[in-house]
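What follows is calculated from the coordinates using simple rules that are stated; it is not laboratory data. Everything quoted here is computed from the prediction, not taken from an experiment. So basically every Cβ, Gly included, is an ideal-geometry build from the backbone, and we count neighbours across all protein chains shown.
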Amino acid sequence: MALPKSVLIREVGPRDGLQNESVWLDTGEKRTWIDLLAAAQLPYIEVTSFVHPKWVPALKDAKELTQSFNKKDDITYAALIPNEKGLAHFFEANLDTGAMFISSSETHNKKNMNQSIHETLPVIKQMTADLKAAGKNTRAYISTVFGCPYEKQVPMDQVLRLTDILLSYGIDEISLGDTIGEAHPLQVERRLDILLERFPADKIALHFHDTKGMALANIYTALKAGITIFDSSSGGLGGCPYAPGSSGNVATEDVVHMLQKLGIETNIHLPALIKAAEWIEAKVDRTLPSHCLRAYHSQTTS
């Protein structure tokens, strides 16, 4: 199957990347990183999560961060909203896209949301209605689609059921998560064959972790299936705090580099993207898994 001509990248680093970090970035530093990402012409940046500080201390300044930062008109700014209280903060911040979360694994959902899937769905339905009434874009993450740290393989019927329900609520886009980095190309191909028989490709995004080095191969497989929306994180920062071993979102600059080599348009400026990754790597004070960043360091020190 022919590769798509263009792809949309959803940058999730400031939220999904930072949420599991023990190193604290103050509000001004977070704004600086967001500005650097914006300078790379990323079309979408998920800037934070309006979750209770008790659960994600690294994002406890979400309200302060979103009260005043340099928004660009051509960038969609998003935040994760766990509940109605978070939704109120989202509306105060006047961001563009509200993202919500549910897991396809009952155990993971209880660990992450402190409630069952059955209890989570009505909350998402109401928040979606409120967001749509306010003219906002909506997004939902379905986690553990390709493997769960507690239940191992989640049945495909469960993924289909949740996707169907969420789209029936009016959700604009569903991001399917490889939460623990267990996905491989054959599994991705098989699951997408089933999904895309029932749902349009432009409603589906994929969120791969590079825990075992398979993310780019999985993205290539998804491209061939017709998927054109992918989540990624600057520097490869991040992982789910409620999924042991899920270190490493796929690095945005690695994805963009591969897409450029494939002749697929993103309109993203790769050198500026690498600069943003270099900046956050220095701030968290550890080597990030980005291949492009390591190659850049090698070239500048040789």
Practice task
Starting at the first residue of region 109-117, write each ³J(HN,Hα) from the Karplus equation 6.51 cos²θ - 1.76 cosθ + 1.60 with θ = phi - 60°, in whole Hz, x for Gly and Pro.
Solution key: 4, 5, 5, 8, 10, 6, 7, 6, 4
Practice task
Just order 158-166, 192-200 by mean Cβ neighbour count inside 10 Å, highest at the front, would you?
Solution key: 158-166, 192-200
Exercise for the section: Quick one: what are the phi-derived ³J(HN,Hα) couplings along region 286-297, Karplus 6.51/-1.76/1.60 with θ = phi - 60°, whole Hz, x for glycine and proline? Expected result: 7, 6, 8, x, 4, 5, 4, 5, 5, 5, 5, 4
Fill in the blank from the handout: If amide H atoms are modeled at 1.01 Å from N in the peptide plane, then the residues at a separation of 5 or more from Cys148, or on another chain, having amide H under 5 Å from its own are Gln153, Val154
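Quote the Stokes-Einstein diffusion coefficient, in whole µm² s⁻¹, for the chain, based on the Kirkwood radius over alpha carbon pairs, a temperature of 25 °C and a viscosity of 0.890 mPa s. Working shown, then result.
Values: Rh = 19.0 Å.
Answer from the Stokes-Einstein relation: 129 µm²/s.
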Fill in the blank from the handout: Along the dipole axis of the chain (charges at Cβ: +1 for Lys and Arg, -1 for Asp and Glu; origin at the Cα centre), the most positive-end residue among Pro4, Thr120, Ala201 is Thr120
Fill in the blank from the handout: Along region 161-170, Karplus-curve 3J(HN,Hα) (6.51, -1.76, 1.60; θ = phi - 60°) to the nearest Hz, with x for Gly and Pro, reads 4, 5, 4, 4, 5, 5, 5, 5, 6, x
Problem - Computed magnitude of the charge dipole of region 8-301 (debye, nearest 20; Cβ of K, R +1, Cβ of D, E -1) - result: 280 debye
Fill in the blank from the handout: For Thr76, other-chain or 5+-apart residues with amide H closer than 5 Å (H placed, Pro excluded) are Tyr44, Ile45
Problem - Pairwise centroid distance, computed over Cα atoms, of region 1-66 with region 269-302, Å - result: 17 Å
Exercise for the section: State which entries of Lys212/Lys275; Lys60/Lys110; Lys125/Lys203 exceed 20 angstrom in Cα-Cα distance in the structure shown. Expected result: Lys212/Lys275; Lys60/Lys110
